[in-house]
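Single-structure report; data block below.
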4 protein chains.
Amino acid sequence: MELGLVGLGKMGGNMRERIRRAGHTVIGYDRNPDLADVHSLEELVGKLKGPRVVWVMVPAGAATQSTIDELAELLEPGDVVVDGGNSRWTDDEKHAEELAAKGIGFVDCGVSGGVWGLENGYALMYGGDAENVAKVQPIFDALKPEGDLGSVHAGKVGAGHFAKMVHNGIEYAMMQAYAEGWELLEKVDSVTDVREVFRSWQEGTVIRSWLLDLAVNALDEDEHLEQLRGYAQDSGEGRWTVEAAIDHAVPLPAITASLFARFASRQEDSPQMKMIAALRNQFGGHAVEKK
Amino acid sequence: MELGLVGLGKMGGNMRERIRRAGHTVIGYDRNPDLADVHSLEELVGKLKGPRVVWVMVPAGAATQSTIDELAELLEPGDVVVDGGNSRWTDDEKHAEELAAKGIGFVDCGVSGGVWGLENGYALMYGGDAENVAKVQPIFDALKPEGDLGSVHAGKVGAGHFAKMVHNGIEYAMMQAYAEGWELLEKVDSVTDVREVFRSWQEGTVIRSWLLDLAVNALDEDEHLEQLRGYAQDSGEGRWTVEAAIDHAVPLPAITASLFARFASRQEDSPQMKMIAALRNQFGGHAVEKK
Amino acid sequence: MELGLVGLGKMGGNMRERIRRAGHTVIGYDRNPDLADVHSLEELVGKLKGPRVVWVMVPAGAATQSTIDELAELLEPGDVVVDGGNSRWTDDEKHAEELAAKGIGFVDCGVSGGVWGLENGYALMYGGDAENVAKVQPIFDALKPEGDLGSVHAGKVGAGHFAKMVHNGIEYAMMQAYAEGWELLEKVDSVTDVREVFRSWQEGTVIRSWLLDLAVNALDEDEHLEQLRGYAQDSGEGRWTVEAAIDHAVPLPAITASLFARFASRQEDSPQMKMIAALRNQFGGHAVEKK
Amino acid sequence: MELGLVGLGKMGGNMRERIRRAGHTVIGYDRNPDLADVHSLEELVGKLKGPRVVWVMVPAGAATQSTIDELAELLEPGDVVVDGGNSRWTDDEKHAEELAAKGIGFVDCGVSGGVWGLENGYALMYGGDAENVAKVQPIFDALKPEGDLGSVHAGKVGAGHFAKMVHNGIEYAMMQAYAEGWELLEKVDSVTDVREVFRSWQEGTVIRSWLLDLAVNALDEDEHLEQLRGYAQDSGEGRWTVEAAIDHAVPLPAITASLFARFASRQEDSPQMKMIAALRNQFGGHAVEKK
């Protein structure tokens, strides 16, 4: 089939390649003309035969919104827009309504896979009406990993991004789990080869996983991670997971602890710990470290 | 080679079977005569040719201590005792010294594998002098999974149990990660099939793992886990992991949150939340729920 | 001076009384005619001489919004609306703009004091332009506790509710601190009189506070809190505090833990702990508690 | 009455002064001869008339142990030793048994008060048999704050140090509560005077406390705590509180979060966050910060 693909960055570019390898036609648009097959969204839409499917793969927020606004003007009833970016699930319903007013369908799709997706396939979680999903299905099948697993029609509009968001929340806590264990092992004199302990865990243990394999890769590159700073960004999904949990009164202690650890890692000095130091000094005359 | 194996319960019995399948001779002793090959530790030691290797696979604490005490009297210089139970790593140094006073070697070994070990192999983490480890190596090779992974000489005496303990701490937080994500997905209306979301994650995602596979198994047996109570025991290892972290001033927020969630799950009613309710009532006249 | 007061429930009714005791004229309106001095907002506005000050003390959200919408139609340029309810700080800017379009001023005010406020005074945190604050100042002075403390012009519009929100977040963690300590003391055999320990802490300790005094009151009524269920509601402020922290990438581990403990206290059975139980059963054959 | 006091450091020296002001005779010993009234424990014991009370106020652990060992040799049946240091409660039972074997009584006493104790009195929590406590009572009465509060016979041997330990655990979480709130307020543009917000909270709020008063003192000295590093030590009591909670399966999320925040504050770079950074780089090609 034919697909219009908007956004040809690191993710979008690799996805175009994987879809083409599956035999589909992809017309790609990007603001960067070096990456693009066409010069405008208008040209992209004009080149596609209806019913069109246009996959939006641009940064969440303003860029996605303006792309959808523009497509709402350009597309025709029966066409479908897929938002494959990292939009917050709460945006999906708004986008679906905006497009539905023009008779255009909407599907949201969370995509996981990172730099490994081109070769191994992308995990896909999508939400929307069965009718709209069906129009995109050949593309989902091209992008997903081989076999029966790796893609799911998770539910209504918004369910795809919600499931992907929770996936990332779980990912935060799993990474934190390995990281905490690694730090503790590194601190203990009796354990003389932490890297080999991690490596051994890749078979037969309860904690074997792909993330563990990656941890071993990282330790093979730099046994004690001495080249790195203990500094971690967070994307929106971790934050949104905690916010969604608060909305539903679900306690999320491990995932939230993992998010907060990242926040703290980015602080040069901790304001709250200054207050702790100040209080200790006030009541106990405890020495404080001055700058 | 020949092995004396003390403790033939669920774990020990399966390990005997796996070692025998690898062609070794195992003489097993258990307090339960229906399981045992010999009637006493004395008989077990008598039947082994020196240098003997005796693997102790009994409950941590008093049972392990009394077994090691008895073996210290029965064995001879050059023999080796392996503690394959769930002993706290701090016990290992004491046991090593006690046996070393008689010229007997000691190796501690953390064993993971549960009910799957017989067929898939047991993950092994062991600690001790190279000389003593070498005497046990054929048994380690028989027990471990096929391939290069799944067993490690982690370091000095105590390192095996320490590494296994940290493994379990990591396991707590990974389980908690999936559990938190699952609860949140179950709460959201737009996600109509949480089980299929979990199933899809088994390929292509960052969070694919053996524990995730098990979660899917569990959901296939009982889609919403309606047959279960939200009640989880904890073994010593989770607690010891947190204690070791405190000893080394390592922050362990996700693992500790996971341990505390288990504690809370076993309380019929939460004393601390009674105090919260009482305080809210005192300052705000907020209604409290009386029993 | 004259004040229009909208909302005469538990808080509003006592505030009217305290303001009147200070010699001001209060005209109160409530949907419940038994509590009200006038029959409508229109009548209330008609009875006040300009420049009018109208204090809104109704539930946050829809009720506050509709009251402000109505006042925007009734009031005149130079009048001031005070939102003294528990509105989210993000609503304040919207309300200020809506009213400013009609030349009407806006001040947001967080009010603490609960059932103790009538006699002891209400702690007040307010935000807005100096000009608008000045018009309300006599009322703030009437409501606040005696002495120099207990009220603050915290900053711009929204600062009052923000400061009150953070106050409540701190309150959550302080209550949790005492509650955790109390539960631990109750568990230990050697401590034979926990209530007297709490009572003793009221003088000379680092942890003496008004909340501690309340805890002692509660224990005097019910030494082991046996009449209560460990079940605690949460108001919006605790949730918003965590959300504000996430917006600003501030780690808030103790406050968030306190919020999550309340969430968990309201669950009959914990879905996430069902998943933990299911996983333990899958890999270890651990017994689970069936319903 | 007469008291032998061992340890005349910052705490012990002030306590000697307060006891003397109450009219009692204190004979003090310290390894530092400039501080001491006598030259040895032997001389101290020789100068006291029986039944003697000797208060030990030296660092927990080895120093306390050796002092008690020495006193066990020097004292006579009917004498009483008080351990007023920060010993772990688990040491108390051992010390009581050691002394009981000689007929000597033992009382453990947790002391709070810091640099404020000399003038305001020390909060005291003590454990032991009524008979032994009675012999020390006049000293307790001299040290405690005026009024009915501030001291408690908490229970059996060990209960004093246990109660003091929990006091400190609560203190950790209360300090963390204020610190988290302060950091969040400092981050928000609309709140223009955080110090005045804190000051206002000293009256009429739910969160007024002595610690809050100290926080205001600290902010008056350095409004944004710019002179301090966000670096906080922890004493043993916070760690022991968490360990005691683990022993009793009591969840302690807020206190533990506070302890971990201190651990993290002392790390120049966080090993666990290096692992997080490494994993993000592995799966997503996310940029990492190199040293």
(message) At 7 angstrom along the Cα-to-beta-carbon line, where would the label on D:GLY103 sit relative to the other copies? Give the distances in nm, shortest first.
(response) 5.1, 9.6, 10.7
(request) Summarise the partner chain shielding of A:211-218 as one whole number: the mean count of Cβ atoms from other chains within 10 Å of each residue's Cβ. (result) 5
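Let me have the 222 nm mean residue ellipticity of chain C computed from DSSP H runs of 4+ only, each contributing -39500 (n - 2.57), with the sum over all residues rounded to the nearest 500.
The helix-only estimate for chain C comes to -16000 deg cm²/dmol at 222 nm.
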(request) Name the helices (complete DSSP H segments) of chain A with a Cα length along the long axis of 27 Å or more and a Kyte-Doolittle mean of at least -0.5, or state none. (result) A:159-187
(message) Would you report the distance distribution of C-alpha pairs in chain B as whole percents per 5 angstrom bin, up to the bin with the largest distance?
(response) 1, 5, 10, 13, 14, 13, 11, 10, 8, 6, 4, 2, 2, 1, 0, 0
(request) Only bridges with both residues in chain B count here: give the DSSP antiparallel percent, nearest 5. (result) 20 percent
(request) Could you work out the mean count of beta carbons from other protein chains within 10 Å of each residue's beta carbon in D:146-157? (result) 6
(request) Bin width 5 Å, alpha-carbon pairs only: give the P(r) of the range D:165-271 as whole percents, running from 0 to the bin holding the largest distance. (result) 2, 11, 19, 20, 19, 15, 9, 4, 1, 0
(request) Please work out the C-alpha center-to-center distance from the range A:29-100 to the range D:246-291 and express it in whole Å. (result) 39 Å
(request) Put a label point 7 Å from Cα along the Cβ direction on A:GLU42, then list its distances to the equivalent points in the other copies in nm, shortest first. (result) 5.3, 10.1, 10.6
(message) Apply the a/c threshold of 1.5 to the C-alpha gyration tensor of the range D:2-156 and tell me whether it is rounded, prolate or oblate.
(response) rounded
(request) DSSP loop (so not H, G, I, E, B), at most 12 other Cβ within 10 Å: list which trypsin sites (Lys or Arg not before Pro) in the range D:63-160 pass both filters. (result) none
(request) List the distances, in nm and shortest first, from the label point of D:THR90 to the matching label points in every other copy, placing each point 7 Å from Cα along the Cα-to-Cβ direction. (result) 0.5, 4.7, 4.8
(request) Order these peptides, D:260-268, C:180-188, C:17-25, B:207-215, by their mean beta-carbon neighbour count within 10 angstrom, highest first. (result) C:180-188, B:207-215, D:260-268, C:17-25
(request) Based on the mean of other Cβ atoms within 10 Å per residue, sort peptides C:189-195, B:222-228 so the most packed one is first. (result) C:189-195, B:222-228
(request) List nothing, just return the count: lysine pairs in chain D, 8 or more apart or interchain, with Cα separation under 23 Å. (result) 20
(request) Give me a single rounded figure for B:220-229: the average over its residues of other chain Cβ atoms within 10 Å of their Cβ. (result) 5
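With +1 on each Lys and Arg Cβ and -1 on each Asp and Glu Cβ, and nothing else charged, work out how big the dipole of the protein assembly as shown is about its Cα centre, in Debye to the nearest 20.
0 debye
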(request) Identify the residue of chain B whose Cβ lies closest to the rotation axis that maps chain B onto chain A, and give that distance in whole Å. (result) B:SER209, 2
(message) Could you tell me the center-to-center distance, by alpha carbons, between the range C:165-233 and the range D:157-179 in angstrom?
(response) 12 Å
(message) If you take every DSSP beta bridge fully contained in the range A:1-130, what fraction is antiparallel? Give it as a percent rounded to 5.
(response) 25 percent
(request) Compute the distribution of all C-alpha to C-alpha distances in the protein assembly as shown, in bins of 10 Å from 0, and list the percent of pairs in each, rounded to whole numbers. (result) 2, 9, 15, 18, 20, 17, 10, 5, 2, 1, 0
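Any read-out appearing in this document is the output of simple, stated calculations on the displayed coordinates, not a laboratory observation. Predicted, not measured: the structure shown is a model, and the values here were computed from it. Here the Cβ is made from the backbone with ideal geometry for all residues, glycine too, and neighbour counts use every protein chain on show.
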